[in-house]
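Any read-out appearing in this document is the output of simple, stated calculations on the displayed coordinates, not a laboratory observation. None of the values given here were measured: they were computed from a predicted structure. Note that each Cβ is placed from the backbone with ideal geometry, even for glycine, and that neighbours are counted across all protein chains shown.
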Amino acid sequence: MTNAISRPAVLVVDDEQDICENLRDILSDLGYRVDTAQDGPSALELVRDNYYDVALLDLRMPGMDGLELYRRIKQLRADTVAMIVTAYATDEITQAAIEAGAWKVVAKPVDLKYLMHFIDEALGQPIVLVIDDDDELCLSLWDVLREQGYRVSLASDAPQAASRLREQAYQVVLIDMKLPQTDGAEMFHLVRQTNPEARTVLITGHRGDVERKIHEVVQAGADAVCYKPFNVDQLLQTIQGLIHPTPGA
């Protein structure tokens, strides 16, 4: 699997080969790692094997449109920022794209100046990793954090978390204290080994059961603890404070 920390990666999916090749040439010249696909199934194969920061997805393609493709990409790689590219940028399509979790709708013919601005803006968004085996909670946190302008990666177990940590540098990592095959303490030390600059927040709904372990991990350097069910405003303030600490704090 490609290590994405070294070079930003973009996936271009369009059933018009000329568009794919033109965007690949332009973005490659600007220093991005670029892969292209001309249909949804081929794009999903690439996503299964590679990390992408940004996906540019044509809306209208035979077999699988850009919105359905993004829904499937999100299941595999929630932290890939999607932009839907279309010549049919109506209000209804824009709303459908937002509801699917896409970030922007870009009109065809593509204005390269605006496209590059959007890509740079996406790459500048702080990225948060949520390590928790509760899928419903992870998706809820994805929605909340995405609305605040964060990119959000999800991992449900230790192997998946280890893979995510090798691929990307995270600003903040949320670590559930009870995980399949491991616990939050072991995961904290893995984060420290692979992403030493990442700030860490321990999360748990089992206050009494893991209080001693939480204390040990905080003593080892964890930055904060948030208890389930979350006070969303408090959680957001905690993450914001870790990413943008107050001078002198």
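Counting Lys +1, Arg +1, Asp -1, Glu -1, what net charge surrounds Ala96 among other residues with beta carbon under 12 Å of its beta carbon?
In short, -4.
I need the shape label for region 9-123. Rule: rounded when a/c is under 1.5, else prolate if a/b > b/c, else oblate, with a, b, c from the alpha carbon gyration tensor.
Numbers: a/c = 1.26, a/b = 1.08, b/c = 1.17.
Because its axes are fairly even, with a/c under 1.5, region 9-123 counts as rounded.
For Val144 paired with Arg60, estimate the spin-label separation in nm (one decimal), with each label point 7 Å from Cα along the Cα-to-Cβ line.
4.0
Running a GNM on the chain with Cα contacts under 10 Å, which residue among Val128, Val191, Val110 ends up with the highest mean-square fluctuation?
Looking only at Val128, Val191, Val110, the biggest GNM fluctuation is shown by Val110.
As a test of the formula, what do you get for the chain when each DSSP H run with n ≥ 4 contributes -39,500 (n - 2.57) and the sum is divided by the residue count, at 222 nm and rounded to the nearest 500 deg cm²/dmol?
Computed mean residue ellipticity for the chain: -13500 deg cm²/dmol.
For region 9-123, what relative contact order do you get, as a whole percent, if you take Cα pairs closer than 8 Å and at least 6 residues apart?
Rounded, it is 22 percent for region 9-123.
How would you classify region 80-225 from its alpha-carbon gyration tensor, with a ≥ b ≥ c the square roots of the eigenvalues: rounded for a/c under 1.5, else prolate if a/b is greater than b/c, otherwise oblate? The partial results should precede the final answer.
Working: a/c = 3.10, a/b = 2.22, b/c = 1.39.
The shape class here is prolate.
Taking a cut-off of 15 Å between Cα atoms, list the aspartates and glutamates near Lys74, but don't count ones fewer than 8 places away on the same chain.
Result set, ordered by chain and number: Glu45, Asp49, Asp53, Asp65, Glu99, Asp135, Glu136, Asp143.
Using a cut-off of 20 Å between alpha-carbon atoms, which lysines can reach Lys113, once sequence neighbours fewer than 8 places away in the same chain are excluded?
Correct list for Lys113: Lys104.
Less than 16 Å apart at the alpha-carbon level, and either on another chain or at least 8 residues along: which lysines does that give for Lys178?
Lys213, Lys228
If you stretched the chain out fully between Leu46 and Lys108, how much longer would it get, using 0.36 nm times the residue separation minus the C-alpha to C-alpha distance?
19.9 nm is the gain from fully extending Leu46 to Lys108.
Just want the ordering: Val130, Val106, from fewest to most Cβ atoms lying within 10 Å of their own Cβ.
Lowest count first: Val106, Val130.
Using DSSP to define loop residues, name the trypsin sites (Lys or Arg not before Pro) in region 127-207 whose beta-carbon has at most 14 other beta-carbon atoms within 10 Å.
Filter output for region 127-207: Arg207.
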